[in-house]
Structure formats: structure tokens, C-alpha cells
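J.: Below is the structure I would like to discuss, written out as C-alpha cells.
The values are calculated or read from the model by the stated rules, or taken from the named source; none is laboratory data. Quantities reported herein were computed from a predicted structural model and do not represent experimental measurements. Cβ sites come from the backbone with ideal geometry, for glycine too, and all protein chains shown count toward neighbours.
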There are 2 protein chains.
Amino acid sequence: MFDIIVIGGGPGGYLAAERAGARGMSVLLIEQSRLGGVCLNEGCIPTKTLIHAAKSYHHAQHSAHIGVTADGVKFDLPTAMKWKKKTVDTLVRGVGYQMKRHHVTVVEGTGTLTDRNTVRVGDETYQGKNIIIATGSSAAVLPVPGAKPGEHPAKGPRVMTSREILDLQELPEKLVVVGGGVIGMEFASLFDALGVKVEVIEMLDRIVPVMDQEIGKLLSKSLSNIDIHVGARVQAITKEGVAYQDAAEEKRIAPAEVVLLAVGRRPNTSGIGLEAAGVDADRTGIRVNEQMRTNVPGIYAVGDVNGKSLLAHSAYRMAEVAVNSIAGEADRMRYKAVPWVVYTMPEVSGCGLTEEAARESGREIRVAKLPMRANGRFIAENPAGSPGLCKVIADAKSDVLLGVHMLGAVNSEMIYGVAAMIESELRVREVREIIFPHPSVSEIIRDTVWEL
Amino acid sequence: MFDIIVIGGGPGGYLAAERAGARGMSVLLIEQSRLGGVCLNEGCIPTKTLIHAAKSYHHAQHSAHIGVTADGVKFDLPTAMKWKKKTVDTLVRGVGYQMKRHHVTVVEGTGTLTDRNTVRVGDETYQGKNIIIATGSSAAVLPVPGAKPGEHPAKGPRVMTSREILDLQELPEKLVVVGGGVIGMEFASLFDALGVKVEVIEMLDRIVPVMDQEIGKLLSKSLSNIDIHVGARVQAITKEGVAYQDAAEEKRIAPAEVVLLAVGRRPNTSGIGLEAAGVDADRTGIRVNEQMRTNVPGIYAVGDVNGKSLLAHSAYRMAEVAVNSIAGEADRMRYKAVPWVVYTMPEVSGCGLTEEAARESGREIRVAKLPMRANGRFIAENPAGSPGLCKVIADAKSDVLLGVHMLGAVNSEMIYGVAAMIESELRVREVREIIFPHPSVSEIIRDTVWEL
């Protein structure tokens, strides 16, 4: 009888195992493929590795204005893919090391609940006082003809999800991305930077709809090389390319060598014995409360599978909340200070409420924004005309900071500080008294807060 | 009669003028040279512009492992210098714009106090209810033969301070930096990255003594291309180079084409009429209290000239404290959450107590550290073997976060979040509950905090 059985070795699962192991609990972790899950093996990490390479390629070509020139700048995709593999392998080993360090038993296979304390893996069964389900999510299917990942009609486009496209060994001339959400836009921006002609087809009226609208518009504008079609419905993928109806209801074809399907992700709730254990789930995922408890005592669900926040770092925190709850410590998952990043070029990040969400909440708000070009280091490090914006939203009555949204520079490394401020419910007055290092792009946050 | 007269248009001075103007006060700003002061015109900003160019040069040469190759990568110093000038000019105009926006009267000239309410500039005199002295600091002099900036003995080295070296139009083959503090090490690293052979001569037994010792050692090791001599006393600058006595008291010569003097900075307290107004000062600067008040009612001193914290961002905050104090708002300058960055390659930053300072304070502490290679994005974005460390210090009894110190990646953009946490006196438990975006190097802070 283990103290905890964790089903799934992605961020939610492995961190739950690590934290529980560190507390001295006996833990079994079940993973059907490689430790690290989608995030590490075919998501966050491999994409960021390639995006880094693409940025280097871009800078090597475009630094003449600062005195750096080169002839014949070349990009070799197979070498970048090797670097990606090396990075992923290193990190998978790192997760394995953490499991050993915290005395977690790792079993390879597919875990299936047979009752509230039992998980079957192949012919073996394991007993756990508590069970944490962390089976993640999978790429959603696009229900139109020809849209099957792995398809490659003769002379037609190759159809892929984010998984397959991460194993490309040759750049296509033309990529069509179906879906203008976070994943779709990151790949669009990556391939654009590598010189591939990219079109994006998005059903909604704007890309990355979770984003503050103004920032989203600026992102669209910044990715000027990419043809973005919003309000467009894909009808089929044919030999000619992606057939869609545009916002004016005209039928169009986007010719493609490769089609990337990035139409969202669905929680992996089937085939894991939820019914046998009596765990409630619907199409949005397993139902959990703020402690990550399901309706069945002793069974928890963390990460994408509960559908609450499909982000690796949300999964981390959920894992900690679940383990704390099992250990009898008061804790609860809060979503108001979950930062997010879109690793396009330029990067976009945010934390807290968007301007629209803040207004819709009925609060009286104050909003301020500054172009990144108001910032010294940004001007020093970016060519004239580089886009950039920082927007801050605060509650006009309580003076509490509600949200910060940024486009431009390395804001992916800056946004955690905003999460700290929002989680701590800092007032505008308090944020103004924080000392930011000069010169840094991070100062734009302070300066924008002073504009409120 | 102005509400406030500000003497000096550097970061402390111009921000004081801006904040006071924004409050509707009538403000006169006196600057003898260009708005922005040393920081903008011959310090922080120009150096960071060149460091950015040097990084681009480095990456263009060293990205083959990620698939990016180029032939004949070249660096052209005059082009980089033009970019630097353009950057500085843009920002100086930006400061001018802020002065106009906030209805600040700007006068060019040297301001001299004649009594506690009067400042003379040339033939004019101005009256102020309050006066803020923000005259900054100057490069300290090295009292040895030949060490006069501007010297260029026939066939001998050219002797410069940070001011003159920022106008070089040709790279020397060999640079000797006298002084291994922040300024000295930034220039050493910059010129090293540009292919110049660099030696550093430091009197103390280690470089950048304000730094956590372990991080300082790692920095020395990381700059392996630079010959760093600690415990070494410069005795003269001669035709042959820099004559010094090494730590073993052996006499040596460091041959040099250019010698950079970076032996600290001294507050600019002379020639500004401190005696006439009766303002107390000693060699460390004008004496001020936590409200930036001098001994004379109505006279304040902010920035380098008070010697409390020679950092532009400290000056900013001091300016705000002074203006708030003048406006009758309770405020006080706090130094415990002042972040700092050394823009070497790799970057180093810190905020709060070093491990040594925390121990010396008599506290019971907990210390944790992680190599940056424990971080996914760091591994994805840095070649194998790249140095990196994050160190966290906490109070064992109160659980309060005391300090965070980092080497590697873009920690200059991350450290402000630590300042926010330390300023807010967050407990370790609270920091652990903050959600950091994945994947980001910033996660190393959270992971290190979990190691406490």
C-alpha cells in the first residue's frame, strides 16, 4: 500500500511525486511513455529550444545596425533538432534523478483505476491510500475531411499536430497553421522566423483570445509576415491545401506543404477507469475542488486532466496543493495570479485580469500603458520600430494591482514578478515603492504603474 | 520662487523634477551638461548598448550547436558607437519631453547654493522653497604617477576613465583595467567579448566585493579569458604599461595599449555652495536622513552625492522619497530591497543580504543553491558547460526571505521580482505558493526556494 499513487509523469504528476517523496511519503509514479510528459517531450521544452535557435538565426542576420555583420548566415534544421533532443534527454534524465532522490517508485505502463484505491498497470495491481490523476491532455481533433494527423495524400500537404511537427527534418516552403491560439501562434512565429511562408486560419474573430485585446492586436500586427485569417472556418484538407470559408463567407484555399493542427487540447479522461472508481468527469475534464479533490475521497486530479488551467506551471502548483491536502495542510489552488507566456517573436506575457475582464467584472478600474520604447534598455537592445507595450490595470477603489500585460523583449522572464505582486495583493502605492534595477526592461512595469 | 529647485539632471534630479511636476509643483531643474547625467550619457545606458552589441557578436560566432552558422562574422566599433549615440540621444530627448510634459523649467549651467533658498547659475539667481541636490559623482582619481585620464605618453598606453573609453573608435589589442569593481568588470567583460586581451588589477582580495563571495568566485571563473590579479597594488602607469605589485609582493608590468581607471566614484560635493548654505557633508557625501533631508531645513540630497547607494535606481527612489517628504507625505528610503546587476557576460544580480552578511548579522539562516543547469529553459538556451547559479538565503526563525543572488541568463530582468518579494517581506512559504511561468529561467528562483 503506497501513500500516494500518481498516474501520469508530466509536470503535475512528477512534481506531485517529488513533493510527496520529499515529505517521506511512499510514492508510486506510473508513466506510459517518457517522464516529463507532453510538456517536456513534445511541448514546452522542445518548442522553446527551437524558438531559441530561430531567434539566434534572426539576430545573426539582423544586427548590422549595432556593428555585427556576417556573410552567408545559414540555419540547419537537423542540427537544431539534435540540440532539441539533447535538451529533452537531459531534462528527462533530470526528472528521473529527482524521482530517485525522493525515493519514488517509477513504473512504466498505462495506469487504470479499478476501484478507489487500486490501479492496474498491465498484469500488476497497486494499492494506494491516495491517488493523484495527472494524465494530461491530447491535441484535439479537427472534425473535417482530411484532417487526420499523419495523413500525407500524394502531392498533398502533410498533416501534423505539434507532436509530429517537432520531428521535421526539412523546412517546408509553406506552412498552414489551423488554430490561432497559443500553440498555433508559437509555431507560426517560429517557422516564419526560419523563412517559411506561414498562414494561420483561426475560427474566432481574433488570435489568442485569452490575451488582452489590445495586446493581441499588436501581436497580429507585429507578425506582419504571417497571413492571419480570423473568423475563418476550415472545411477540409485536400490535395490543394486547406479549404476554408473566410470571414466574408468566401470559399478559399490556403496551399500548404505542411498543415499544423492546433485546435486546442482535450483532457485525457478515457481509458483510465474513472467509471470503475466512480470519479466524476465531463468533457471539460475531471471535476475537482480547490484542494484538487475529486468527488471520491482520496482521489485527486491535477494538471490538464481537470481542465481548469492547461498550463504546466498551473499543474505544478496543483500538484503541491494536492500533496499538501493529502498531508493535512491547509492550502488551496488560486487562479488569479497564474502568469502565462506566448513565446512568439516578440514574446507576450500577462498575469491577472485583462482590461476587458476587469471591466466586465463591474469594477471601477484604472488603466495605464506605455510603449516599450519608453524604456532605455529596450531602446538600446531593439532596432528602431520594434513593437512593445506594457499595460497595467488596477482597481480604482482598493488600489490593488489587477493585471499586467506585456509585449516585447524578454518579458517571459519578467512576468513572474507580477505574479508575486498579484498573489500578494499589492497596492499600486506599494508597487511604486519597489526598486527596479536600472537599466532593465523590467522598469517598464514600474513606469507604467506610475502612469496610473 | 519655485516650489523646488533641483540641482543636477541625472536620474535622481530629473525624476525628482518629474514627480514634483506631476504633483503640480513649480520646478526648476539645473543641469550643467546634458539631461540624463552620467548614467544616461556616459554610464549605464551607453555601456549596455555596447554590451548588447558584444553579445550579438558572440552569439553570431557561437551558435553552430543550435544549427546557426555564419561566415566572416565581423564587429565594427564605429557602427556600434553610432548606435550607442543614437540610443543616448533618443533617451536624452525623452527626458526633455518628460520635463516639458510636467512643466519643469530647465536651465543649463552650474548651480551653486548661495543660501538655503537661493541658487546661482552664472549671472542669474533663483529662489526655491525647497532645494534638491542631485549633483552625482565623478570617477575617483588613482594617486599614482601617470594615472591621469587623457594621458597618452608617446608609444605608451592611453589612460582613460569610463567616460573616454566610451568614445573609442578602434579596439585596442590589449586593455588593462585598474579596479575590479562593477564598472571595471563590466568593461573587462565587454572588451573581452570583442576579442580584446584584457587584464584586471584589483587591490582587494576579490572582484566586486559587494557580491556574494561564492557568486563572485564563479564570476571570476566564468571570465576565464580575462587575467584577473587580486590583492595587487598599482604603483605607476608608464610607457611599458601598468606597473603593480602582485599579491606575493612581486613587482610586475601589465603591458597595455589602453588603461581604464575604474577605482570607484566620489560624490560631487565641491563647488556647489554647500558651505554657503550650511549643508553638512564629509568625504562619503552629503549627510541625509531617511527622508533625504540634509541638516538644513528645505534642502535635500538624492543620488550618488549622498553616498548612500551609488545606483541610478536608488537615486530614482530617493528622488521620490524627497518629493513625497516635501509634499508632506510619510515616506522613507529603505535599502534592504535595492537590487543590483553587474552586466558582465554572464550577468550577475542580487538583492538583499549575501550569505556572509546574513551570517555576520547574527541571524540563524537557511541557504540553498541550485545550478542554472537545473532549469529547463537555461539548458535549452545555453551551451553545455555554461556557468549559472542561484542562491537563496532565508531567516531560519521568521521564515522571511533575506536575499537572492544569481549568475547566468538574463537575470537582470528577473531580479526586480526578488526586490518585490523582499520589500514585501514575504515568507519562504509564501514564495513557494507563487506561480512562475514554465518554461522560464525565472523558475530557478522558485526551485531554489523549495530547496531551503
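Residues checked against (1) modelled with pLDDT under 95; (2) outside any loop (DSSP other than H, G, I, E, B); (3) surrounded by fewer than 21 Cβ atoms within 10 Å (Cβ to Cβ); (4) facing chain B (nearest Cβ under 10 Å):
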residue: A:Val321; (1), (2), (3), (4): no, yes, no, yes
residue: A:Thr344; (1), (2), (3), (4): no, no, no, no
residue: A:Lys369; (1), (2), (3), (4): no, yes, yes, no
residue: A:Arg373; (1), (2), (3), (4): no, yes, yes, yes
residue: A:Ala384; (1), (2), (3), (4): yes, no, yes, yes
residue: A:Ile393; (1), (2), (3), (4): no, yes, no, no
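J.: What's the total number of residues in the range A:1-29 that are in a strand (DSSP E or B) and surrounded by fewer than 24 Cβ atoms within 10 Å (Cβ to Cβ)?
T.: Kept after step one, since they are in a strand (DSSP E or B), are these residues of the range A:1-29: A:2-7, A:27-29.
Checking the rest, the ones that are also surrounded by fewer than 24 Cβ atoms within 10 Å (Cβ to Cβ) come to A:2-3, A:28.
Number satisfying all stated conditions: 3.
J.: Would you be able to say whether some residue in the range A:84-91 is touching a helix residue (DSSP H, G or I) at 6+ places or on another chain (Cβ under 9 Å), crowded, with 23+ Cβ neighbours inside 10 Å, of a type in the set (D, E, K, R) and touching a residue at least 24 places away in the same chain (Cβ under 8 Å)?
T.: yes
Residue-by-condition table, conditions (1) modelled with pLDDT of 95 or more; (2) within 19 Å of the chain's Cα centre (by Cα); (3) not polar (S, T, N, Q):
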position	(1), (2), (3)
A:Val177	yes, yes, yes
A:Glu186	yes, yes, yes
A:Pro209	no, yes, yes
A:Leu218	yes, no, yes
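J.: Also, quick follow-up: Sort through B:Asp205, B:Asp212 and tell me the only one that's among the acidic types (Asp, Glu), crowded, with 22+ Cβ neighbours inside 10 Å, at negative phi and away from chain A (no Cβ under 14 Å). Don't jump to the end; show me each part of the working.
T.: Working: B:Asp205 fails: crowded, with 22+ Cβ neighbours inside 10 Å.
Among B:Asp205, B:Asp212, only B:Asp212 is among the acidic types (Asp, Glu), crowded, with 22+ Cβ neighbours inside 10 Å, at negative phi and away from chain A (no Cβ under 14 Å).
J.: Please identify the pairs in which a residue from the range A:427-440 that is at pLDDT 95 or above has its Cβ atom under 7 Å from the Cβ atom of a residue that is part of a loop (DSSP other than H, G, I, E, B) and acidic (Asp, Glu), counting only partners at least 6 apart or on another chain.
T.: A:Arg427/A:Asp399; A:Val428/A:Asp399; A:Arg429/A:Asp399
J.: Further question on the same structure: Given the conditions (1) without any contact (Cβ under 8 Å) to a residue 40 or more places away in the chain; (2) acidic (Asp, Glu); (3) farther than 17 Å from B:Arg116 by Cβ, and given that B:Glu257 satisfies all but one, which numbered condition is not satisfied?
T.: Among (1) without any contact (Cβ under 8 Å) to a residue 40 or more places away in the chain; (2) acidic (Asp, Glu); (3) farther than 17 Å from B:Arg116 by Cβ, the lone unmet condition for B:Glu257 is (1).
J.: Step by step: first the residues of the range A:125-135, then only those that are assigned to a strand (DSSP E or B) and in contact (Cβ under 8 Å) with a residue 40 or more places away in the chain, then the one that is nearest to the other protein chains (Cβ to nearest Cβ). Which residue is that?
T.: Of the range A:125-135, the ones assigned to a strand (DSSP E or B) are A:125-133.
Those left that are additionally in contact (Cβ under 8 Å) with a residue 40 or more places away in the chain: A:126-133.
On the way: A:Tyr126: 27, A:Gln127: 29, A:Gly128: 24, A:Lys129: 24, A:Asn130: 21, A:Ile131: 24, A:Ile132: 18, A:Ile133: 20 Å.
Of everything passing the filter in the range A:125-135, A:Ile132 is nearest to the other protein chains (Cβ to nearest Cβ).
J.: Do you know which residues across the range A:226-265 are touching an Asp or Glu at 6+ places or on another chain (Cβ under 9 Å), surrounded by fewer than 20 Cβ atoms within 10 Å (Cβ to Cβ) and more than 11 Å from A:Glu199 (Cβ to Cβ)?
T.: Those that are touching an Asp or Glu at 6+ places or on another chain (Cβ under 9 Å), surrounded by fewer than 20 Cβ atoms within 10 Å (Cβ to Cβ) and more than 11 Å from A:Glu199 (Cβ to Cβ): A:Val230, A:Gly231, A:Arg233, A:Ala247, A:Glu257.
J.: Can I ask one more? Give me the residue from the range B:169-202 that is touching a residue at least 40 places away in the same chain (Cβ under 8 Å) and of a type in the set (Val, Ile, Thr) and, out of that set, surrounded by the most Cβ atoms within 10 Å (Cβ to Cβ).
T.: If we take residues in the range B:169-202 being touching a residue at least 40 places away in the same chain (Cβ under 8 Å) and of a type in the set (Val, Ile, Thr), then B:Val177 is surrounded by the most Cβ atoms within 10 Å (Cβ to Cβ).
J.: Still on this structure: Filter the range B:55-80 down to the residues that are at the interface with chain A (Cβ under 8 Å from one of its Cβ atoms), in contact (Cβ under 8 Å) with a residue 12 or more places away in the chain, buried (at least 20 other Cβ atoms within 10 Å of the Cβ) and under 11 Å from A:Ile66 (Cα atoms) and list them by number. Let's see the steps before the verdict.
T.: Here is the first cut: in the range B:55-80, the residues at the interface with chain A (Cβ under 8 Å from one of its Cβ atoms) are B:56-57, B:59-60, B:63-80.
After this cut, where a residue has to be in contact (Cβ under 8 Å) with a residue 12 or more places away in the chain as well, the list is B:57, B:60, B:65, B:73, B:75, B:77-78, B:80.
The next check asks that each one be buried (at least 20 other Cβ atoms within 10 Å of the Cβ); those that pass are B:57, B:60, B:73, B:75, B:80.
The answer is B:Tyr57, B:Phe75, B:Ala80.
J.: For the range A:46-54, indicate whether the set of residues that are outside any helix (DSSP H, G or I) and buried (at least 18 other Cβ atoms within 10 Å of the Cβ) is non-empty. Explain how you work it out, then say what you get.
T.: Taking the range A:46-54 first, the residues outside any helix (DSSP H, G or I) are none.
Looking for residues that are outside any helix (DSSP H, G or I) and buried (at least 18 other Cβ atoms within 10 Å of the Cβ), one finds none in the range A:46-54, hence no.
J.: Going through the range B:429-452 one residue at a time, which ones are surrounded by 21 or more Cβ atoms within 10 Å (Cβ to Cβ) and more than 10 Å from chain A (Cβ to nearest Cβ)?
T.: Residues satisfying the conditions are B:Ile444, B:Thr448, B:Val449.
J.: Kindly indicate which of A:Gly362, A:Gly307, A:Gly303 is away from chain B (no Cβ under 14 Å), surrounded by 17 or more Cβ atoms within 10 Å (Cβ to Cβ) and at positive phi.
T.: Values: A:Gly362 fails: surrounded by 17 or more Cβ atoms within 10 Å (Cβ to Cβ); A:Gly303 fails: away from chain B (no Cβ under 14 Å).
Going through A:Gly362, A:Gly307, A:Gly303 in turn, the sole match is A:Gly307.
J.: Of (1) farther than 30 Å from A:Lys55 by Cα; (2) touching a residue at least 40 places away in the same chain (Cβ under 8 Å), B:Met421 satisfies all except one. Which?
T.: Unmet for B:Met421, out of (1) farther than 30 Å from A:Lys55 by Cα; (2) touching a residue at least 40 places away in the same chain (Cβ under 8 Å): (2).
J.: Got a number for residues in the range A:45-54 being facing another protein chain (nearest Cβ under 7 Å) and either of a type outside the set (A, V, I, L, M, F, W, C) or in contact with a His (Cβ under 6 Å, 6 or more places away or on another chain) (or both)? Lay out the reasoning, then the answer.
T.: Step one: filter the range A:45-54 for residues facing another protein chain (nearest Cβ under 7 Å), giving A:45, A:48-49, A:52-53.
Within this subset, residues satisfying the condition of being either of a type outside the set (A, V, I, L, M, F, W, C) or in contact with a His (Cβ under 6 Å, 6 or more places away or on another chain) (or both) are A:48-49, A:52.
Residues in the range A:45-54 being facing another protein chain (nearest Cβ under 7 Å) and either of a type outside the set (A, V, I, L, M, F, W, C) or in contact with a His (Cβ under 6 Å, 6 or more places away or on another chain) (or both): 3 in total.
J.: Condition first: among the acidic types (Asp, Glu) and part of a strand (DSSP E or B). Now tell me which residues in the range A:395-428 satisfy that.
T.: The first filter runs over the range A:395-428 and keeps only residues among the acidic types (Asp, Glu), leaving A:395, A:399, A:413, A:423, A:425.
Within the range A:395-428, just A:Asp395 meets the criteria.
Every residue, every condition in (1) closer than 30 Å to B:Lys84 by Cα; (2) in contact with an Asp or Glu (Cβ under 8 Å, 6 or more places away or on another chain), yes or no:
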{"site": "A:Arg19", "(1), (2)": "no, yes"}
{"site": "A:Val27", "(1), (2)": "no, yes"}
{"site": "A:Cys39", "(1), (2)": "no, no"}
{"site": "A:Cys44", "(1), (2)": "no, no"}
{"site": "A:Ile51", "(1), (2)": "yes, yes"}
{"site": "A:Ala54", "(1), (2)": "yes, no"}
{"site": "A:Gln61", "(1), (2)": "yes, no"}
{"site": "A:Ile66", "(1), (2)": "yes, no"}
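J.: Looking at the range B:201-267, what strands (runs of 3 or more DSSP E) fall wholly within it and have at least 2 residues that are assigned by TED's automatic domain parsing to the domain that holds B:Gly181 and not basic (Lys, Arg)? So that I can check it myself, show each step before the final result.
T.: Working: elements: B:227-229, B:233-238, B:241-245, B:251-254, B:258-261, B:265-267.
Because the criterion is at least 2 residues that are assigned by TED's automatic domain parsing to the domain that holds B:Gly181 and not basic (Lys, Arg), the strands (runs of 3 or more DSSP E) in the range B:201-267 that meet it are B:227-229, B:233-238, B:241-245, B:251-254, B:258-261.
J.: Okay, moving on. Taking the range B:217-235 as the region of interest, how many residues are touching a strand residue (DSSP E or B) at 6+ places or on another chain (Cβ under 8 Å) and free of Cβ contacts under 8 Å to residues at least 24 places away in the same chain?
T.: Within the range B:217-235, residues that are touching a strand residue (DSSP E or B) at 6+ places or on another chain (Cβ under 8 Å) and free of Cβ contacts under 8 Å to residues at least 24 places away in the same chain number 1.
J.: Kindly indicate whether any position in the range A:215-224 is farther than 19 Å from A:Gly388 by Cα and buried (at least 18 other Cβ atoms within 10 Å of the Cβ). Before the answer, list the steps.
T.: Just the residues of the range A:215-224 that are farther than 19 Å from A:Gly388 by Cα, to begin with: none.
No, every residue in the range A:215-224 fails to be farther than 19 Å from A:Gly388 by Cα and buried (at least 18 other Cβ atoms within 10 Å of the Cβ).
J.: Same structure again: Of the numbered conditions (1) within 14 Å of another protein chain (Cβ to nearest Cβ); (2) buried (at least 18 other Cβ atoms within 10 Å of the Cβ), B:Thr112 satisfies every one except a single condition; which is it?
T.: Checking B:Thr112 against (1) within 14 Å of another protein chain (Cβ to nearest Cβ); (2) buried (at least 18 other Cβ atoms within 10 Å of the Cβ), the one that fails is (1).
J.: Could you tell me which residue of the range A:289-307 is nearest to A:Gly43 (Cα to Cα), considering only residues that are in a loop (DSSP other than H, G, I, E, B) and touching a Phe, Trp or Tyr at 6+ places or on another chain (Cβ under 7 Å)?
T.: Start the filter on the range A:289-307 by keeping residues that are in a loop (DSSP other than H, G, I, E, B), which leaves A:289-292, A:294-298, A:302, A:307.
Still in the list and also touching a Phe, Trp or Tyr at 6+ places or on another chain (Cβ under 7 Å): A:292, A:294.
Values: A:Met292: 24, A:Thr294: 27 Å.
Taking the candidates together, the pick is A:Met292.
J.: Select from the range B:67-124 the residues that are closer than 24 Å to A:Tyr57 by Cα and either in contact with a strand residue (DSSP E or B) (Cβ under 9 Å, 6 or more places away or on another chain) or assigned to a strand (DSSP E or B) (or both) and list them in ascending order.
T.: If the condition is that a residue be closer than 24 Å to A:Tyr57 by Cα and either in contact with a strand residue (DSSP E or B) (Cβ under 9 Å, 6 or more places away or on another chain) or assigned to a strand (DSSP E or B) (or both), then B:Gly67, B:Val68, B:Thr69, B:Ala70, B:Asp71, B:Gly72, B:Val73, B:Lys74, B:Phe75, B:Asp76, B:Thr79, B:Ala80 are the ones that fit.
J.: Among A:Lys74, A:Lys48, A:Lys55, A:Lys100, which is the only one that is in contact with a Lys or Arg (Cβ under 7 Å, 6 or more places away or on another chain), among the charged types (D, E, K, R) and not assigned by TED's automatic domain parsing to the domain that holds A:Thr344? Full working, then the answer.
T.: Working: A:Lys74 fails: in contact with a Lys or Arg (Cβ under 7 Å, 6 or more places away or on another chain); A:Lys55 fails: in contact with a Lys or Arg (Cβ under 7 Å, 6 or more places away or on another chain); A:Lys100 fails: in contact with a Lys or Arg (Cβ under 7 Å, 6 or more places away or on another chain).
Of A:Lys74, A:Lys48, A:Lys55, A:Lys100, the one residue that is in contact with a Lys or Arg (Cβ under 7 Å, 6 or more places away or on another chain), among the charged types (D, E, K, R) and not assigned by TED's automatic domain parsing to the domain that holds A:Thr344 is A:Lys48.
J.: Looking at (1) over 31 Å from the mean Cα position of the chain (by Cα); (2) assigned to a strand (DSSP E or B), find the lone condition where B:Ser138 falls short.
T.: Only one criterion is unmet by B:Ser138, namely (1).
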